[in-house]
Amino acid sequence: MTDLAIDVGGTKTLVAVFEDDSVKPSEVDRFPTDPYAGLENFITRLSKVCAKYVDPSNVRYWGLCTAGAVDVSTGRLIWSPNLGWKDVNLYERLSQLFGNQGIVENDCNAAAYGEWSARPGIDSLVYVTVSTGIGMGIVSSGRIIRGSHGAAGEIGHTTVLPDGPECTCGRRGCLQAIAGGRGLSSQVERLLGKRLSTEEIIDLAREGEPEYVEIVVKGAMFLGRFLANMIDALDPAVLVIGGSLGKNPHYRKLVVDFFAKFYYILPDKTVVIEPPSAEPDPGIIGVLQLSRSMGVRKNEKSDKIFSS
Ligand SMILES: [Zn+2]
């Protein structure tokens, strides 16, 4: 019995193969997503990579996660600014390859579920990813909290500083325009006239370069304060901060220090902040576990998980 988990990122796609009921992959592979070559081109390359490790007719369950708004009831990707794909039924396309026992999920939701499933005994968990943008997934009592429009956790575009830096969404002062990777780079370019990677910017701040310290500390302050307010509102058992920028030791420490300064302290309230622990990737473990749990429900009810 072979299960397949796929995480489609803006830059690279991760494929992992799992035998029987193991949560340790027997095979892991990566390839460039190259989304602007088009969806059909991507599907062809994906099927070739998967075929190296698994006979498509032998896949038991498959799961795919990706950045963007996903209608999980149909497996349709509504819109992904990172990939440039719009109104694509990924479930239909993948089920043509691997059968209809699969799920399509938003990557932050999948990552939250993956981290939750990696911590037995935890009731609720919030996963925040801080990289180019900022996103969040929420799991409570084993359920992903999606909201009424499937848009719960879209924290990157919440306004934290009216009239602040311009965001890719066209508005000003969004959380990710101030504290996300692209936001930090844009501010450095606009204020200091330099084009630098997020890592270079954080390194210059860590070395004490005043202009960079100001931008980076301001970003961390807004993010730490936002997370403190959010944790005060939701009170999860664990907050996991992931993403390339969220895992950067210098930036992470700044954010966590600001968090500690702003959150509301109550007797017996313990806030647990942890790095991601699900390997090879929280989203991969999330879609693996979701597809398996959907599979259980599928066998109970009908031959198809979705009516497409
Ligand atoms: Zn925005």
Residues whose placed amide H lies under 5 Å from that of GLU27, excluding near-sequence neighbours: VAL17
In the stretch 1-73 the accessible area split gives carbon plus sulfur, as whole percent at 1.4 Å, a share of 52 percent
For the stretch 153-210, convex hull of alpha carbons as volume per residue, Å³: 91 Å³
Once Lys and Arg are counted +1 and Asp and Glu -1 for all other residues with Cβ under 12 Å from that of GLU199, the total becomes 0
Angle between the chain longest axis and helix 282-301 axis [Cα atoms, degrees, rounded to 10]: 40 degrees
How much net charge surrounds PRO276 when only other residues with a Cβ under 9 Å from its Cβ are counted (Lys, Arg +1; Asp, Glu -1)? -3
Give, as ranges by residue number, the residues of the stretch 245-285 whose backbone N falls under 17 Å from the point 7 Å along Cα→Cβ of SER197. 245-251
For the chain, built as a Gaussian network whose Cα springs stay under 10 Å, the top-fluctuating residue of VAL272, VAL128, VAL17: VAL272
Share of pairwise Cα separations in the stretch 111-205, more than 23 Å, in percent: 38 percent
Please give every one of the aspartates and glutamates within straight-line cross-link reach of LYS269, meaning a C-alpha to C-alpha distance under 13 Å, and leave out same-chain neighbours fewer than 8 residues apart. ASP232, ASP235
With both partners inside the stretch 119-274, how many of the DSSP beta bridges are antiparallel, as a percent to the nearest 5? 60 percent
Normalise the Cα radius of gyration of the stretch 1-65 by 2.2 N^0.38 Å (N = residues in it) and let me know the number. 1.08
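Could you tell me which of the pairs LYS48/LYS247; LYS12/LYS86; LYS12/LYS48; LYS218/LYS261; LYS12/LYS218; LYS24/LYS48 are separated by over 24 angstrom between their Cα atoms in the structure shown?
Pairs exceeding 24 Å: LYS48/LYS247; LYS12/LYS218.
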Nearest 10 degrees, 0 to 90: what angle lies between the long axis of helix 39-51 and the longest principal axis of the chain (Cα atoms)? 70 degrees
In whole percents, the bins of 10 Å from zero upward hold the Cα-Cα pairs of the chain as 6, 27, 33, 22, 10, 1, 0
Could you please report the charge total around VAL28, scoring K, R as +1 and D, E as -1 over all other residues with beta-carbon less than 15 angstrom from its beta-carbon? -3
Alpha-carbon centroids, the stretch 201-248 and the stretch 13-28: separation in whole Å: 32 Å
For the chain: accessible area per residue (Å², 1.4 Å): 47 Å²
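Can you tell me what the convex hull of the Cα atoms of the stretch 185-265 projects to on average, as an area in nm²? Spell out each step's value before the answer.
Values: hull surface 22.0 nm².
Directional mean of the projected Cα hull area for the stretch 185-265 stands at 5.5 nm².
For the chain, what is the percent of antiparallel DSSP beta bridges, rounded to the nearest 5?
If we restrict to bridges inside the chain, about 60 percent are antiparallel.
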Per residue, what volume in Å³ does the Cα convex hull of the stretch 119-274 take up? 114 Å³
Rounded to the nearest 10 degrees, the helix 249-262 long axis (Cα) sits at an angle to the longest Cα principal axis of the chain of 70 degrees
What is the ratio of the Cα radius of gyration of the stretch 1-142 to 2.2 N^0.38 Å, where N is its residue count, to two decimals? 1.02
When ranked by the protection proxy of mean other Cβ atoms within 10 Å per residue, highest first, what sequence do the peptides 137-143, 52-58, 279-285, 209-215 form? 279-285, 137-143, 209-215, 52-58
In debye to the nearest 20, how big a dipole does the stretch 161-308 give about its Cα centre with +1 on each Lys and Arg Cβ and -1 on each Asp and Glu Cβ? 520 debye
Kirkwood hydrodynamic radius of the stretch 33-78 from all distinct Cα pairs, in Å? 12.4 Å
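The values are calculated or read from the model by the stated rules, or taken from the named source; none is laboratory data. Owing to the predicted nature of the structure, the values given are computational and were not obtained by experimental measurement. Cβ coordinates were reconstructed from backbone atoms using ideal geometry, including for glycine residues, and neighbour counts include every protein chain displayed. Surface accessibility is based on the protein's heavy atoms, side chains included, excluding ligands, DNA and RNA. Shrake-Rupley method; radii C 1.70, N 1.55, O 1.52, S 1.80 Å.
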